[in-house]
Structure formats: structure tokens, C-alpha cells
Amino acid sequence: MPLYEIEHSIPLDKPQRDALAQAITHIHTRQFTTPTLFVNIKFVDARTQHNYVAGRERSINRIIAYVRTGGSRTHADFEETSLRIAQAWDQIVNAGGKFGKERELSRVFVMGAIVAGLEHGVLLPRAGEDGKWLAQNTERFQELAEQGDEDFRELVEEIKGREDLRR
């Protein structure tokens with residue numbers, strides 16, 4: 001449902017990318033009651049991009065989140081998500097220590113840009129209607145799991161194991 005684009009001007013190795021993807025997925029799914037299968041994350045090596053701030057070319061690290069707004073999701077929820085993502089970056093990329101400016105996550109932008117969409121053949125719910133949407137689609141998810149789709153097998157198990165998704 002959300003799409004997070006991580007633009008990095010420093011090299012990130014696979015363990016760092018994996019850890020960031022897992023951290024962001026966890027942060028988003030717990031903040032907004034979203035199943036993990038529907039959190040999309042894209043890494044963009046920005047070392048060949050030309051980014052300008054204040055009219056000057058700069059190397060920057062930033063995360064842009066495209067999300068669904070509305071429902072019970074508040075401005076404060078998205079601020080909290082931004083802060084938690086920045087903390088995860090610091091722990092994973094900088095091992096919690098202080099490094100030079102080139103390693104800092106200088107920006108997290110949350111864009112309320114997802115109006116509608118289709119994912120895994122299912123139309124996305126409106127923000128705040130995830131529970132109703134899960135209930136309406138559980139039978140289809142179960143069928144896909146039984147047909148051997150590993151992603152949907154994991155989704156069905158996640159729904160069974162998470163109280164917030166069963167509500």
C-alpha cells in the first residue's frame with residue numbers, strides 16, 4: 001500500500017538494505033495496521049543523480065514515503081513514523097554513532113499521494129478501512145495461499161498471528 005523510496009548517496013550493502021527494509025516495514029505496519037505484504041520499498045543509488053538544495057548541488061540521503069491519508073491517520077502519526085524511520089537509519093547505517101554529514105539521513109518526506117491502486121490483483125482500501133478490506137478479501141487470500149502462493153501463505157499466517165489485523 002505505501003511506497004517508500006530510499007535515495008542514498010552513500011553505498012548501502014545488502015545487509016543494510018535488508019535491515020532498513022525490515023525496520024521501515026515494521027514501523028509502518030504497526031503504526032497503520034497494514035499487512036507486511038503490502039509495504040513496498042525501493043532503494044535508489046543517488047550517487048549519479050544531481051540533487052540541489054538552496055540552489056547548490058548536494059549529496060543527500062532521503063526517504064520519500066507515498067502513503068494513503070485520511071481515516072484515523074493523523075499528522076502526528078506521520079510525524080512519529082518519520083522520526084522512527086530516521087532513528088532506524090541512524091542505528092542501521094551509522095551503527096548508532098555519529099558520522100559525517102554525508103552519512104546522515106537529511107530528509108524524510110511523507111507524501112499523501114496514493115488515491116487508489118491495485119496490488120496483487122486486489123484494489124487497495126481507503127485509509128482507515130484496512131480491517132474491513134482484510135475481512136472482505138481473506139477468502140481470496142486463503143485461496144491463493146492454498147494454491148501455493150508463498151506470499152499469501154505468509155499473509156494468512158500474519159493475519160492469524162497479529163491481533164491488530166484480526167480486528
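The values are calculated or read from the model by the stated rules, or taken from the named source; none is laboratory data. These numbers come from a predicted model, not from an experiment. Every residue, glycine among them, receives a Cβ derived from its backbone with ideal geometry; neighbour counts consider all protein chains shown. SASA here: full protein model, heavy atoms, side chains in, ligands and nucleic acids out. Shrake-Rupley method; radii C 1.70, N 1.55, O 1.52, S 1.80 Å.
Odds and ends about this structure:
- Here K98 is the anchor, and the lysines within straight C-alpha reach of less than 24 Å, apart from those fewer than 8 places off in the same chain, are K14.
- Nearest-0.05 FRET efficiency for L123 and R162, computed from C-beta distance (R0 30 Å): 0.85
- Carbon/sulfur fraction of accessible area - the stretch 52-167, other protein chains in place, 1.4 Å, %: 49
- Chain lengthening between F43 and E79 when straightened (0.36 nm per residue, less Cα-Cα): 10.8 nm
- Which of N51, A127, G117, positive extreme of dipole for the stretch 48-167 (C-beta unit charges): N51
- Accessible surface computed residue by residue for the stretch 54-167, with neighbouring protein chains in place and a 1.4 Å probe, gives 62 Å² per residue.
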